[in-house]
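Take a look at the structure set out below.
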Amino acid sequence: MSDGELVGIVLVSHSAQVAASVAELARGLAGGGVEVPVAPAGGTEGGELGTSSALIAAAAASVDRGAGVAVLTDLGSAVLTVKALLAEGDELPADTRLVDAPFVEGAVAAVVTASTGADLAAVEAAAAEAYTYRKV
């Protein structure tokens, strides 16, 4: 399987370090198999806390392989930024979805599922299912 068949994942956080660390964690836990295109989009262009439409759009373009792009976010205004980009209609790849999932657990589930060659709907479902993971 080539990466041309894989769903891309974008991780949007208010912190560049958090986005990059969650991407690294998700890739590491997915194992040594197929490398899923994952891009962090954290912080602002100036390195401050916040979100950036430009960074999110660039990250989505960088992971788009034609199978869709799943976008996971950390907090409220990141959700609003992605929704605004989706409403624009031309800033993100055509088959981009904002995924309602917990940030860390959802990212891991999304990357692991995408690594199997699953389609965008399956990746989205796996990430959303992470809400049910119990810790006790």
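Coordinate-derived values only; no laboratory data. Owing to the predicted nature of the structure, the values given are computational and were not obtained by experimental measurement. Methodologically, a virtual Cβ is constructed for each residue, glycine included, from the backbone with ideal geometry; neighbour enumeration extends over all protein chains shown.
The simple spin-label model puts a point 7 Å past each Cα toward its Cβ; for LEU86 and ALA54 those points are separated by 2.5 nm.
Could you list the residues of region 98-112 with an amide nitrogen less than 17 Å from a label point located 7 Å from the Cα of VAL136 in the Cα-to-C-beta direction? Label zone hits: none. With N counted as the residues of the chain, its alpha-carbon radius of gyration over 2.2 N^0.38 Å works out to 0.95.
Taking each residue as 0.36 nm, the span from ASP100 to ALA122 lengthens on full extension beyond its C-alpha to C-alpha distance by 6.6 nm. Extension gain for the segment GLU129 to LEU29, taken as residue separation times 0.36 nm less the Cα-Cα distance, is 34.3 nm to one decimal. For region 28-70, the Kirkwood estimate of hydrodynamic radius, built from reciprocal distances between every pair of different alpha carbons, is 11.8 Å.
The DSSP beta bridges internal to region 1-128 are antiparallel in roughly 0% of cases.
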